[in-house]
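Written out below as structure tokens is the structure these notes cover.
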Amino acid sequence: MSDTSHRPDTMGLPMVTPPDPVALAAEEAWIADVETRGPVARTIAYLGRGGPGYLQSALTLGGGSASASLLAGAAFGYQLMWVPVVGMVIGVIMLSAVAHQTLSTGMRPFEAMRRHAGPVFAYGWAIGALLSSVVWHFSQYSLASAVVVDIGDALEQQWTRPAAGAVILVWSIITSQMFGSQSRAGRVFDHLLKALIWMIVACFGLVVIQTGGPDWSAMWSGLTSFTVPEDRGDVSGLALVIGGLAAAVVVNMVFLYPYTLLARGWGRAHRRLARIDLVAGMLVPYVLATGLMIVATANTVHAAGTFSGTGFGPLEASATLAELLGATWGRLIFNVGVLGMVLTTITMHMVCAGFATSEMLGWTHGSTKARLAMLLPTPGVLGCVYWSDLSVWVAVPTSIISGFMLPLAYLGFLKLQRSAAYLGDDRPTGVRGLAWLGGMVLATLVIVVFLGWYLVTKGPGFLDQLLGGAA
């Protein structure tokens, strides 16, 4: 018989309106059968049944991770290969704890945080998720429109950035509203995201093959040395480390994840499946995509000694790689990969904004108000034209605020992990519980230490830039 004692709170959540009890019972019976198999057979079975992990890949593989990875490879070669791996391992540790908490209790995460960790943690988490989803929309549109124009140029077609932005806006509204539908459109959305994520990996894989493939010795050194390189010209090695760590797991991603679990009707029986899905659907695609981007620019720009400074970004990488891969197909393959990253992130920003707003205001998910809340980030389309003017006085404070909201959220989940009132008998105990808690503490400390290090060493320059931009 299906265990309904911890049935998740899916009231009002899209994708499950209401959950189909027959389908859920059948899925739980399948999981019970899979759990009797050996570790390898069980893992293989679960790899074909995931989903929420891919939604996190769609959110985190965006303009920030693309820019940080391409710049890291161009400036420092293979030295920063370790950064996306560490950043994503930190994310898996924390999101595994979030999944355990959410699926064990079935309680909505914002309410759980507010009640058992405190309103400061709950509202700081939600506001940080909303703020970052809205503000970072501008830079995503800026990059997406520029890439579309570059694709048009490669095909000898004339596109303007405002026209490209308008098309992307229509795409994002349609795909975000598809999220959570029980209809065929909802299933199409799910499959579309998975296809786009693996298309991104395939595109950058082709680019690396054409650049001669990776230098395996240098790659191993970059993965294991944990080097923070000295600044190179105007490029800060420490800033790239923090940017790479921050791009891997962001506060809006941490907010959205547990709701995607509840929205699928997942419960206690799905806890192991959720952990495997995080590795297969989030960690593996992210590490592959970002690692391949680092290798691509390390093999070309860094190896040739042509790196010119912080002005280097995705478009500059496209132009450089076109010389090696071909003026048309080289640019197309690279740009399609970048565009896929940015489009998925734009969509998930909108979904996250809707969730965060609805949870704080008590709106029913799937209602008209909740769907309108998904449109809060849409002014970001102005980034197609104005991002260079907005970036200083909008991006800098948002980076600082959102950066510190992430460890605040982590501290909240640490409190929840130790809360007997919240988890009851599901609170991890013994050696396993201590190891898990230690991993969460270490993950939090890594983020806090690097943020503190950066503010101490670079803070005055940041403040001068901020004040100058605001003036």
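For the residues Ala298, Ala289, Ala303, Ala269, the requirement of being surrounded by 24 or more Cβ atoms within 10 Å (Cβ to Cβ), more than 14 Å from the chain's Cα centre (by Cα) and in a helix (DSSP H, G or I) singles out Ala298. Out of Ala144, Ala185, Ala122, one residue alone is at pLDDT 85 or above, assigned to a helix (DSSP H, G or I) and more than 15 Å from Leu339 (Cα to Cα). It is Ala122.
For the stretch 370-405, the set of residues classified as of a type in the set (A, V, I, L, M) and modelled with pLDDT of 80 or more consists of Ala370, Leu372, Ala373, Met374, Leu375, Leu376, Val381, Leu382, Val385, listed by residue number.
Condition check: out of contact with any helix residue (DSSP H, G or I) (no Cβ under 6 Å at 6 or more places or on another chain), closer than 29 Å to Ile173 by Cα, modelled with pLDDT under 90 and assigned to a helix (DSSP H, G or I). Does Leu332 satisfy that? When the stated conditions are applied, Leu332 does not pass them. Might you let me know whether the stretch 437-449 holds any residue that is surrounded by 15 or more Cβ atoms within 10 Å (Cβ to Cβ), modelled with pLDDT of 85 or more, out of contact with any Pro (no Cβ under 8 Å at 6 or more places or on another chain) and not in a helix (DSSP H, G or I)? There is no residue in the stretch 437-449 that is surrounded by 15 or more Cβ atoms within 10 Å (Cβ to Cβ), modelled with pLDDT of 85 or more, out of contact with any Pro (no Cβ under 8 Å at 6 or more places or on another chain) and not in a helix (DSSP H, G or I). The condition of being closer than 22 Å to Val208 by Cα, at pLDDT below 90 and either not in a helix (DSSP H, G or I) or not charged (D, E, K, R) (or both) holds for only one of Leu262, Leu315, that being Leu315. Checking the stated criteria, Met350 turns out not to satisfy the condition of being at pLDDT below 85 and under 23 Å from Leu143 (Cα atoms). Close contacts from the stretch 408-420, counting a first residue that is touching a residue at least 40 places away in the same chain (Cβ under 8 Å) and a second that is among the polar types (S, T, N, Q) and crowded, with 20+ Cβ neighbours inside 10 Å, with Cβ to Cβ under 6 Å and a gap of 6+ residues or different chains, come to Tyr410/Thr444; Leu416/Gln101. Val86 meets all of the listed conditions (1) out of contact with any His (no Cβ under 9 Å at 6 or more places or on another chain); (2) in the same structural domain as Pro258 (by TED's automatic domain parsing); (3) buried (at least 24 other Cβ atoms within 10 Å of the Cβ); (4) not charged (D, E, K, R) but one, namely (3).
The values are calculated or read from the model by the stated rules, or taken from the named source; none is laboratory data. Keep in mind the model is a prediction, meaning the values are calculated, not measured. Glycine gets a Cβ as well: all are built from the backbone with ideal geometry, and neighbour counts include every protein chain shown.
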